[in-house]
């Protein structure tokens, strides 16, 4: 019995010893692995570059495009400057020109001086009193030596010809009734060279409207039928173009309003004239 007990007592000791050895080994190798991992991590940290996030000291704006620069330049200009006026008139003309086709045939003999927007007051409507088209009328005006012309001619088919720039004076209205300068709020200020202009007489002594107006001739002979719709539509567009160019609406009159006894515009245009004066279109 004693021997049996002794053997039984030793076996647990051996087991305990074996377990102790295993635990020690585990602890030893476990510590070694951890130490190795830390060493490798430290080594990696030393070899990798450090990443440092830095707040920007200054935010630089994106470069502005041409439109932004133009808007900024415009906003800095004082209202009413020449540059602002030029840009406004140019942009107005471009905007209007996009919706209307105008053939240009400028002749030196038709130019009688400067007419800036500040002098523009009236649109004067005329009839050519002939059947010739605009190109023929322009050639005749240029060859007869009278130095007379209107700014525009509107053909029956609706085509439009321009022979004097909008900022220049054309001799299209001539002398008017005495007292009309005062009535129409205009004066003879010396801008019009008045070449080839001959006084008519005491009842027609005023000569101011050429320098304050735009002249439009319509190919038409009074008493010989109505104005074609295409011609009237073109006149609608042309008046809108002139309004857009200047940025304001000029008063619309016809030639006989300036000088009593003139035939133009014709009686058949009377209703259209009233419509143009009130609505700026023919109907």
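The values are calculated or read from the model by the stated rules, or taken from the named source; none is laboratory data. What you see is a predicted model; the values in this text were computed from it and never measured. Ideal geometry is used to build each Cβ from the backbone, glycine not excepted, and the neighbour counts take in all protein chains shown.
Given (1) under 23 Å from residue 104 (Cα atoms); (2) crowded, with 20+ Cβ neighbours inside 10 Å, identify the lone condition not met by residue 208.
Failed condition: (1).
What's the number of the condition residue 217 fails, among (1) out of contact with any helix residue (DSSP H, G or I) (no Cβ under 6 Å at 6 or more places or on another chain); (2) in a helix (DSSP H, G or I); (3) crowded, with 17+ Cβ neighbours inside 10 Å?
Going through the list (1) out of contact with any helix residue (DSSP H, G or I) (no Cβ under 6 Å at 6 or more places or on another chain); (2) in a helix (DSSP H, G or I); (3) crowded, with 17+ Cβ neighbours inside 10 Å, residue 217 breaks only (2).
Examine segment 190-202 for a residue that is in contact with a helix residue (DSSP H, G or I) (Cβ under 7 Å, 6 or more places away or on another chain) and assigned by TED's automatic domain parsing to the domain that holds residue 261, and state whether such a residue exists.
yes
Taking the stated definitions as given, is residue 208 touching a helix residue (DSSP H, G or I) at 6+ places or on another chain (Cβ under 8 Å), free of Cβ contacts under 8 Å to residues at least 60 places away in the same chain and closer than 21 Å to residue 277 by Cβ?
For residue 208, the condition - touching a helix residue (DSSP H, G or I) at 6+ places or on another chain (Cβ under 8 Å), free of Cβ contacts under 8 Å to residues at least 60 places away in the same chain and closer than 21 Å to residue 277 by Cβ - is met.
Taking into account only those residues within segment 244-256 that are in contact (Cβ under 8 Å) with a residue 40 or more places away in the chain and in a helix (DSSP H, G or I), which is nearest to residue 209 (Cα to Cα)?
Of everything passing the filter in segment 244-256, 255 is nearest to residue 209 (Cα to Cα).
Considering only segment 119-146, state which residues are under 27 Å from residue 188 (Cβ atoms) and in contact with a helix residue (DSSP H, G or I) (Cβ under 8 Å, 6 or more places away or on another chain).
119, 120, 121, 122, 123, 124, 125, 126, 127, 128, 141, 142
Does residue 232 count as buried (at least 20 other Cβ atoms within 10 Å of the Cβ), part of a helix (DSSP H, G or I) and without any contact (Cβ under 8 Å) to a residue 60 or more places away in the chain?
Against the criterion (buried (at least 20 other Cβ atoms within 10 Å of the Cβ), part of a helix (DSSP H, G or I) and without any contact (Cβ under 8 Å) to a residue 60 or more places away in the chain), residue 232 qualifies.
Inspect segment 129-147 for any residue being in contact (Cβ under 8 Å) with a residue 60 or more places away in the chain, farther than 25 Å from residue 199 by Cα, under 33 Å from the mean Cα position of the chain (by Cα) and surrounded by 16 or more Cβ atoms within 10 Å (Cβ to Cβ) and give the result as yes or no.
Within segment 129-147, one or more residues are in contact (Cβ under 8 Å) with a residue 60 or more places away in the chain, farther than 25 Å from residue 199 by Cα, under 33 Å from the mean Cα position of the chain (by Cα) and surrounded by 16 or more Cβ atoms within 10 Å (Cβ to Cβ).
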